Amino acid sequence: MSEKILIVDDEKEIADLVALYLENENFEVYKFYDPLEALACIEREAMDLAILDVMMPEIDGFTLCRKIREKYNYPVIMLTAKGEETDKITGLTLGADDYITKPFLPLELVARVKAQLRRYKRYNNDSTADSDVLVHSGLVLNIRTHECTLNERPLTLTPTEFAILRILCQNKGGVVSAEQLFHEIWGDEYYSKGNNTITVHIRHLREKMGDSFEKPKYIKTVWGCGYKIEV
């Protein structure tokens, strides 16, 4: 069965072009120029991935991303204007998994889509892990069901947040660099030291866990090295 991809962009030429490339890769595409129509689709359909433009009339991509995260945890890729760093950070904070800056090469977007779907499937269906359940000081991650609780309180995590927490728990006691986290989650994509994607996701994770930045109980920053969860 083909994966279902949601595309929402009020720029008709861009939406049509992206849809064409994805359909050529045998994806089932749900394309919308009107964000209001897309919102109705989001509330009734479970997709495998969403591509959302940030700047749209009436309802922006951030609102659509927030609506998706109320019900679903599939990957979300945001399309942002060139140089709008705040848009990227806001999107990641709201639960987006990746972003791509306009103008972009359609083949690059297709590659990002495939990478996100591979990661999502791997971290949601991986039955070859050493243990299906990771436990640490009241934190419980069920790898098979993609569920997480903290002191018996459910945490709603995006696929990327869950992946980061899983990697840190599996390396408990050891330091994992931001670059290592990036490559384990996004594969062979280019990483630069100026890339703050992991930093934003870590911050959002801490907020959801109620973990202090100054005196963290769970995710600790090792300056100049990376992050760790202590034994």
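As a check on your grasp of the helix formula, calculate [θ] at 222 nm for the chain: sum -39500 (n - 2.57) over DSSP H runs of n ≥ 4, divide by the residue count, round to the nearest 500.
Numbers: 8 runs with 97 residues, N = 231.
So the helix-based figure for the chain works out to -13000 deg cm²/dmol.
Arranged by the count of other C-beta atoms within 10 angstrom, fewest first, what order do Met55, Met47 take? Don't jump to the answer; show the numbers that get you there.
Values: Met55 16, Met47 19.
In increasing order of surrounding Cβ atoms, one gets Met55, Met47.
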Helix 197-209 against the longest principal axis of the chain: what's the angle in degrees, Cα atoms only, rounded to the nearest 10?
60
Going out from 0 in 5 Å bins, what whole percent of all Cα-Cα distances in the chain drops into each bin?
1, 6, 14, 19, 20, 16, 12, 7, 4, 1, 0
Got a sec? How would Arg44, Arg119 order by Cβ neighbour count within 10 Å, fewest to most?
Arg44, Arg119
Convex hull over the alpha-carbon atoms of the stretch 129-229: what's its volume per residue in Å³?
101
Here the relative contact order (percent) of the chain, from C-alpha pairs under 8 Å and at least 6 apart, is 13
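Over the stretch 4-124, what is the mean sequence separation of C-alpha contacts under 8 Å (at least six apart), divided by residue count, expressed as relative contact order in percent?
Numbers: 189 pairs, mean separation 27.8, N = 121.
That works out to 23 percent.
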Between the helical axis of 61-71 and the dominant principal axis of the chain, each derived from Cα atoms, what acute angle in degrees is found, rounded to the nearest 10?
60
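Given charges of +1 on the Cβ of Lys and Arg and -1 on the Cβ of Asp and Glu, with all other atoms neutral, how large is the dipole of the stretch 4-124 about its Cα centre, in debye to the nearest 20?
Numbers: 17 positive and 23 negative charges, 146 e Å.
With only Lys, Arg, Asp and Glu charged at Cβ, the dipole is about 700 debye.
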By the C-alpha gyration tensor axes a ≥ b ≥ c (rounded if a/c is under 1.5, else prolate when a/b exceeds b/c, else oblate), the shape of the stretch 52-121 is oblate
Dipole of the chain, positive end: most advanced residue of Leu109, Pro57, Leu155 [Cβ charges, Cα centre]
Leu155
Taking the stretch 1-74, how much of its Cα-Cα pair set, in percent, is spaced more than 20 angstrom apart?
23
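Given axes a ≥ b ≥ c from the Cα gyration tensor, I'd like to know whether the stretch 4-124 is rounded (a/c under 1.5), prolate (a/b larger than b/c) or oblate.
Working: a/c = 1.12, a/b = 1.05, b/c = 1.06.
Verdict is rounded for the stretch 4-124.
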Neighbourhood charge, 12 Å Cβ-Cβ cut-off, centred on Ile5 and excluding it, Lys, Arg +1 and Asp, Glu -1
-2
In degrees between 0 and 90, to the nearest 10, how far off the longest principal axis of the chain does helix 35-44 point, with axes built from Cα atoms?
60
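Since every read-out is calculated from the coordinates, none of them should be taken as a lab result. Because the structure is a prediction, the values reported are computed rather than measured. No Cβ is skipped: glycine too gets one built from the backbone with ideal geometry, and neighbour counts run over all protein chains shown.
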